């Protein structure tokens, strides 16, 4: 039976909430290079207004594997939801909300529901590890955002 793990963290941004939301949801085939990952191919399909399917193809030592994610954008709320449709974390869901902290500062509130089918570690350890990994990835993204937006 798969194990579900919930975890949460926040990440500060040195740009306004609206600018942060726009930057975070302007999907690009090169997004993974911002996090230091090479060899990932991304295809972006705009399904309808506010609905995107991301298809990411990863190269691993055992071969290639694909993840497809359905992304629902809620720009009025500065929120988006990403649901894994395929891949090793099928049906995992991630909630993102950006709120203002000041004129030129904002914060991302991230909540993850990770579904693990491999069960190679206990849920508590997995939750701590995933939270640490995702928070570190968002630190890199926050730095790239700051550099790109010139703040």
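Quick rundown of the values:
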{"item": "Residues of the range 1-24 classified as surrounded by 15 or more Cβ atoms within 10 Å (Cβ to Cβ) and farther than 24 Å from residue 88 by Cβ, total", "result": "11"}
{"item": "Residue check, residue 100 touching a strand residue (DSSP E or B) at 6+ places or on another chain (Cβ under 7 Å) and surrounded by fewer than 16 Cβ atoms within 10 Å (Cβ to Cβ)", "result": "yes"}
{"item": "Residue match in the range 109-118 (condition: touching a strand residue (DSSP E or B) at 6+ places or on another chain (Cβ under 7 Å) and modelled with pLDDT under 95)", "result": "yes"}
{"item": "2 or more residues over 15 Å from the mean Cα position of the chain (by Cα) and closer than 18 Å to residue 28 by Cβ: qualifying strands (runs of 3 or more DSSP E) within the range 41-151", "result": "51-60"}
{"item": "Any hit, the range 1-17, residues being modelled with pLDDT of 95 or more, assigned to a helix (DSSP H, G or I), touching a helix residue (DSSP H, G or I) at 6+ places or on another chain (Cβ under 9 Å) and farther than 28 Å from residue 129 by Cβ", "result": "no"}
{"item": "Residue 100 more than 19 Å from residue 5 (Cα to Cα) and in contact (Cβ under 8 Å) with a residue 40 or more places away in the chain", "result": "yes"}
{"item": "Enumeration of residues in the range 26-58 that are modelled with pLDDT of 95 or more and surrounded by 15 or more Cβ atoms within 10 Å (Cβ to Cβ)", "result": "52"}
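The values are calculated or read from the model by the stated rules, or taken from the named source; none is laboratory data. All of these numbers come straight from a predicted model, not from anything done at the bench. Cβ: placed from backbone, ideal geometry, glycine included. Neighbour counts: every protein chain shown.
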